[in-house]
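J.: Mind having a look at this structure? Questions to follow.
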Amino acid sequence: MTSLTILLVLVLLLVVFGLLFRLQILTAIFSGSYVRQIGTSNRVNAVLMLVFMVVGGAAFFWSFAENFGKMNPPIASIHGHAMEKMFWTTMTVIGVAFVLTQALLFIYSYKYQHKDGRRAYFFSHNNKIEVIWTIIPAIVMASLIFAGWKAWTRITGPAPKDAVVLEVMGKQFNWLVRYPGRDMKLGVVNYRLIDASNEFGFDLSDKASMDDFVASEVHVPKGHPVLIKIRSRDVLHAVYMPHFRVQMYAVPGMPTRFWFTPTATTDEMRAKLGNPKFDYELACNQICGKGHFAMKLKIVVDEPDDYVAWFAAQPPVSQNADLMASFKQMSKQTGLGKGGSQGAKEAATEETGETPAPLAAQASM
Ligand SMILES: [Cu+2]
């Protein structure tokens with residue numbers, strides 16, 4: 001309280017001094033004894049404006065060019081090209097406007113620096129200019145938004161019925177992955193059944209759950225639509241897969257989704273980049289806590305045959321003894337998982353689509 005009072009007194013003193021100073025100048029002006037002092041600082045600042053524009057501008061373009069490869073990795077999905085086109089159209093339009101207005105800002109600051117005897121031209125408004133700078137940006141923005149809306153609607157439309165489905169769940173601090181197993185149906189999960197062995201909260205009283213499997217990395221087949229269902233177990237995360245131009249939030253309590261078609265296998269991308277260690281990655285793109293930086297997951301794009309082989313080799317959760325034991329115990333404790341979970345049947349059982357082409361042979365076995 002004392003320090004607050006002292007601070008308040010100091011602030012008030014400063015205000016009083018400021019007012020006294022102002023009063024002194026005003027008195028001088030009215031008495032006619034005031035001479036305006038324009039030192040060299042005005043000229044120095046005017047020149048610094050130009051220096052800042054040139055040096056700052058050059059540094060900006062240098063850093064942009066230097067990191068361009070990191071910001072713009074090669075595209076490995078079909079919709080990625082439409083997104084890329086939209087992005088660069090928008091960047092070009094706003095980039096031109098940005099460079100033009102910023103250049104004028106600095107050049108005019110230099111050009112119209114103080115000069116004795118020169119007065120600024122004053123006009124209250126100009127209808128013609130107002131109309132021009134309202135209508136042109138309005139038309140440009142509206143066309144950008146319309147084109148963007150069309151592209152986005154197409155990209156985020158419903159996934160094809162035979163898409164490969166998998167579920168990714170974000171948690172502090174890693175990603176968990178679940179596949180539907182041979183029945184192509186993700187089983188019911190319930191967050192109240194979650195524990196150390198049953199990280200997804202599988203409700204194994206649901207038959208569709210029994211053949212689901214969890215994986216430590218994402219596998220998807222090349223050239224085939226993939227629907228990723230996204231959930232979060234705790235806070236806001238984001239699924240970000242730069243090469244596929246995919247980003248979607250993982251929101252607790254609100255399942256989201258994104259579908260895409262990968263166009264290059266991991267091996268093909270390795271050859272293209274000349275980097276035998278390259279891996280696609282799914283990174284969290286939403287600062288979600290202290291372990292955020294480490295929250296990434298490897299994605300493998302396989303040839304369809306390799307994908308089927310990998311899929312078939314994954315052990316279903318029903319073969320996981322720890323998980324089964326944990327489910328039994330948790331369902332006893334919570335009263336859940338006895339002939340249909342009474343908890344929310346989360347949006348997991350809605351796949352009634354067709355079996356994905358690469359897996360069709362597998363499913364009929
Ligand atoms: Cu995260």
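J.: Take every Cα-Cα pair in the chain and report what % of them are more than 39 Å apart.
T.: Above the 39 Å cut-off, the chain has 43 percent of its Cα pairs.
J.: May I ask you to list, by number, the DSSP H helices of the chain whose Cα span along the axis is at least 30 Å and whose average Kyte-Doolittle hydropathy reaches -0.5 or more?
T.: Sorted by number, the helices that extend far enough and score high enough are 2-31, 41-66, 78-111, 127-155.
J.: Determine, from the Cβ-Cβ distance of Thr256 and Asp234 and an R0 of 22 Å, the FRET efficiency 1/(1 + (r/R0)^6), rounded to the nearest 0.05.
T.: On the way: r = 15 Å, r/R0 = 0.69.
Efficiency computed from Cβ-Cβ geometry: 0.90.
J.: While we're here: For segment 164-363, just the Cα atoms, rotate onto the principal axes and tell me the three extents in Å, largest first.
T.: Principal extents (Cα only, largest first): 55, 44, 27 Å.
J.: Let me ask you something else. Could you list the trypsin sites (Lys or Arg not before Pro) in segment 5-100 that lie in coil according to DSSP, counting only those with at most 15 other Cβ atoms within 10 Å of their Cβ?
T.: Working: sites: Arg22, Arg36, Arg43, Lys70, Lys85; in loops: Arg36.
Passing both the DSSP loop test and the Cβ count: Arg36.
J.: Putting +1 on Lys and Arg Cβ atoms and -1 on Asp and Glu Cβ atoms, find which of Gly95, Asn285, His237 reaches farthest to the positive end of the dipole of the chain.
T.: The listed residue farthest towards the positive side: Gly95.
J.: Hey, got a sec? Which chymotrypsin sites (Phe, Trp or Tyr not before Pro) in segment 1-83 land in a DSSP loop and have at most 13 other Cβ atoms within 10 Å?
T.: Working: sites: Phe17, Phe21, Phe30, Tyr34, Phe52, Phe60, Phe61, Trp62, Phe64, Phe68; in loops: Tyr34.
Those satisfying the criteria are Tyr34.
J.: Identify the trypsin sites (Lys or Arg not before Pro) of segment 245-330 meeting these criteria: DSSP loop state and at most 15 other C-beta atoms within 10 Å of the C-beta. Could you put the intermediate results ahead of the total?
T.: Numbers: sites: Arg245, Arg257, Arg270, Lys272, Lys277, Lys290, Lys296, Lys298, Lys328; in loops: Arg245, Lys277, Lys290.
Sites meeting the loop and neighbour criteria: Lys277, Lys290.
J.: Let me ask another. Can you give me the distance in nm between label points at Ala138 and Ala271, each placed 7 Å from the Cα along the Cα-to-Cβ direction?
T.: 5.5
J.: Counting other beta carbons within 10 Å of each residue's own, what order do Thr266, Thr27 fall into, fewest first? Working shown, then result.
T.: Values: Thr266 21, Thr27 11.
So the residues, fewest neighbours to most, are Thr27, Thr266.
J.: For segment 96-213, what D do you get in µm² per second when you plug the Kirkwood radius from alpha-carbon pairs into Stokes-Einstein at 20 °C and 1.002 mPa s?
T.: Approximately 101 µm²/s, per Stokes-Einstein.
Laboratory data are not the source of any read-out in this text; all were calculated from the coordinates shown. Everything numeric in this text was worked out from a predicted model, so none of it was measured. With ideal geometry, Cβ positions are generated from the backbone for all residues, glycine too; neighbour counts draw on all protein chains shown.
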